[in-house]
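To start, the structure under review is shown below, and the notes come after it.
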Amino acid sequence: PAMKVKLSVLLLSLVLLVSTLGGVAQTCANGDDTCRANIDTQKQASDPRRTITIDNLSKYRADIHYDDGRFGKIIQTVPSKGGSPNPISTFVGHRFFVTMHGVREGLVDPTTDEQIFFTVGGDELNDKFIIPKEATTSKTRCKDRYPVCKKEAARGECTNNPGWMIVNCCQSCEEKEGYGHLIDSEVRCTRERLNATKAAFDVGSLDDLFTRWATEEAFVQYEPNVISSPGKTHGAEHDGPWILTFDSFVDDEEIEALLKGAEYGGFERSTDQGNIIASSGEKEKVVSTSRTSSNAWCRRECEIMPGVKRVSNRIEEI
C-alpha cells in the first residue's frame, strides 16, 4: 500500500511538471522574425475562431445564411454591385450559403448551376469571400435549396407542408411524390389547389361568432370587452365593425412562455411583401415602413412548451 501511494504521488508530480512545462510561453530573441512567425502559426492552428467578410459583386442584393445543417440561419444582407457588410465572427469549418434577398432562391455559379457556398478554412485569421459578378439564379426551376430536403421529403413533409416544401425542396418532392410541376405558381396557386373556391364565412356567420364570444357563459372567464359592434350592441362603445378583446385570455406564466419561446426563433422586424422576384412566384420580403413591430415564429422548442401548448389549445377551442 505504501509503495502504491508513493507511485501515485510520483505520477502526479510528473503530470504537473509536464503541464507546467507545456504552459511556459515560448519567447523569441529580438529580431527573430522566423521564430515569431512560427509562434503565430501555432496560435492560429490551435484557435478555431476566425473573422470573415463577404463582398458581393453580383447584381443581386443577397442574404448570407449560416448552414446549420437544416434550413440555414440568416446572418446579414449584402448590397449588390460591390457591397461589403460588417465582418462575421465565426469558426473553422463553418459553412455559409447565399440567396437572393427576401426569398430563399439560391445564387449559383452559372458555369456549373451549383449554389454558392463558402467554407471557413484554417489558413487565415481574417478571410474574404467573393460573390462573383456572374452569380445568378439557377436555370433549373425544380431544384432543392437545402441538403436536408431529401430527408424532409422522406418523412412526408411534401404532403404535410406542401406549400413550403414544393418551393424550397422541389426536386425531392418530385422524386418522392411527383409534385415538381407545382413549382409553377400559375399551377400551384389556383383557388382549387388552395381550397379557396368558396367564401371562408357564410353571410351572417361572422356576426354570430362575435355574438357568441360576447354573450355565452363559456367565454365569461376570458373577460370579453366589446369595443365596437354594428348598432353598438352588447355594451359596445362605438357603432361600427366588430372589435372585441379578451382581457383575461392568458396568464402571467403563459405570457412568459410565449416570450421565451419567441426567443428561440429570434425577434425580427415585421415585413411586407414586395415585388415578385423569384421564378417560383415568390415575392421579396421587405422591412415594413408602416408596421414597426417585431415578431418571431414559434417552432420546435417553442411549440412543445407547456404554456405555449395551453394557449394554442385555447385558441383552437374558441
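For VAL103, nonlocal amide neighbours, meaning residues 5 or more places apart or on other chains whose placed amide H falls under 5 Å from its own, are LYS285.
The packing ranking, built from the mean of other Cβ atoms within 10 Å per residue, places the peptides 96-104, 140-148 in the order 96-104, 140-148, highest first. For segment 75-204, the Kirkwood radius over C-alpha pairs fed into Stokes-Einstein at 25 °C and 0.890 mPa s yields D = 141 µm² per second. Put simply, the amide H of THR137, placed in the peptide plane, has neighbours under 5 Å in VAL108, leaving out anything fewer than 5 places away on its chain.
Treat each spin label as a single point 7 Å out from the Cα along the C-beta direction, and report the SER293 to ARG193 distance in nm. About 3.1 nm separates the two model spin labels. Assign one of three labels to segment 135-209, namely rounded, prolate or oblate, based on the Cα gyration tensor with a ≥ b ≥ c the square roots of its eigenvalues; rounded applies when a/c is under 1.5, prolate when it is not and a/b is larger than b/c, and oblate otherwise. Judged from the Cα gyration tensor, segment 135-209 comes out prolate (a/c at least 1.5, a/b above b/c). Packing here is the average count of other Cβ atoms within 10 Å per residue, and on that basis the peptides 172-178, 113-119, highest first, run 172-178, 113-119.
For the pair ARG49 and GLN76, a Förster radius of 22 Å applied to the C-beta separation gives a FRET efficiency near 0.75, rounded to the nearest 0.05. Ranked from largest to smallest solvent-accessible area, with a 1.4 Å probe on the protein heavy atoms, TYR179, TYR60 come out as TYR179, TYR60.
Taking each of LYS73/LYS176; LYS81/LYS260; LYS139/LYS283; LYS150/LYS285; LYS176/LYS260; LYS198/LYS260 in turn, the alpha-carbon distance tops 29 angstrom for LYS81/LYS260; LYS176/LYS260; LYS198/LYS260.
The values are calculated or read from the model by the stated rules, or taken from the named source; none is laboratory data. Fair warning: this is a prediction, and the values are worked out from it, not measured in the lab. Don't worry about glycine lacking a Cβ; one is built from the backbone with ideal geometry, like all the others, and counts go over all protein chains shown. Areas reflect the complete protein model, heavy atoms only, side chains present, ligands, DNA and RNA absent. Shrake-Rupley method; radii C 1.70, N 1.55, O 1.52, S 1.80 Å.
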